[in-house]
Amino acid sequence: MLEHVSITDTGNDRDARAPGLAALAGLVADETRAVCLLALLDGRAWTAGELARHAGVAPSTLSEHLGKLVGGGLLAEERQGRHRYVRLADTRVAQLVEDLAGQVAPRRADRPRTLRAASAGSAMARGRTCYDHLAGRLGIAVTDALTAHGLLSTANEPEGPTGLKGLEEPKGPEGAEGATGGGTGAVAEAGPHASGPTAPASGERATGFLLTDAGLRWFEDSGIALDRATRRPLARACLDWTERRPHLAGAAGAALCRHALDAGWCVRIGSERAVKVTVAGERALAELLGIEAGALR
């Protein structure tokens, strides 16, 4: 990655990042490579053969495209025996692909031609993984519930009441708010017992979502492990391409998705990214977030 060079450094008006940006755009500009990047948003490693079949191209053609994506730093590869596996290089690449895909409006003319395609599209819209977090109506329902209960806030929006048992802000003497700083939106980096009002840190301002103090406690009390040491934002907004609204991404979104799959709240269905909420998942989400089962089907 090119380091930033100012105009005074170069002696002209050209930004030294321009060649790198043009090269990056060129990598994504090919439709076959775009198909591969979107497929790999499921967070899993694919073989070159699987991607070739998915993209509808010859293995030799696909190999050439993969070489460019790996060389450009968008994909990482590893070999096991005869198989060559590729995956998105890291979460930053996933975020780039998500953000670009979110800007593309679905074409109304592209209607499913078969019942199978229609069923697959319906399943993807109902619930799916978006790299490592939940998306579709499922992702939106979870995000809305977290926001409604004051566990998640947008930008600098004040933290509201949780409305959930055991998550109300503790009261001090004469009904005053306790040491957690209730009534303020706490950023992801703030500890669950930080004192006084908290403001978004500079690294969190552009993420769209903020995990509140109550939200941090909710993850802990629900047994959902958060990686607090990561440089990745704990909460980030990701535009949902079917719902056209942001759902929760970032480390918190990844932790919630991982827990939902590991605990059996959701199961993968079909050959793409679609997931289905199980009966156990309906019970858990109703108990923890007050989400009605009908919103998950």
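The alpha carbon centroids of the stretch 237-288 and the stretch 16-42 are separated by 27 Å. Charge dipole of the stretch 32-102 (Cα centre as origin; +1 on each Lys and Arg Cβ, -1 on each Asp and Glu Cβ, all else neutral): 240 debye, rounded to the nearest 20. Packing here is the average count of other Cβ atoms within 10 Å per residue, and on that basis the peptides 242-251, 19-28, 211-220, highest first, run 211-220, 242-251, 19-28. Both the radius of gyration and Dmax for the stretch 234-286 are 12.0, 30 Å, in that order, over alpha-carbon atoms.
Ranked from largest to smallest solvent-accessible area, with a 1.4 Å probe on the protein heavy atoms, TRP46, TRP241 come out as TRP241, TRP46.
For the pair GLU272 and ASP30, the difference between a 0.36 nm per residue extended length and the Cα-Cα distance amounts to 85.0 nm.
When Rg and the Kirkwood radius Rh are both evaluated on Cα atoms of the stretch 8-100, their ratio Rg/Rh stands at 1.06.
The values are calculated or read from the model by the stated rules, or taken from the named source; none is laboratory data. Just so you know, these numbers come straight off a predicted model, no measurement behind them. Please note: Cβ atoms are built from the backbone with ideal geometry, for glycine as well, and neighbour counts cover all protein chains shown. The protein model used for the area step is the full one, side chains on, heavy atoms only, and it has no ligands, DNA or RNA in it. Shrake-Rupley method; radii C 1.70, N 1.55, O 1.52, S 1.80 Å.
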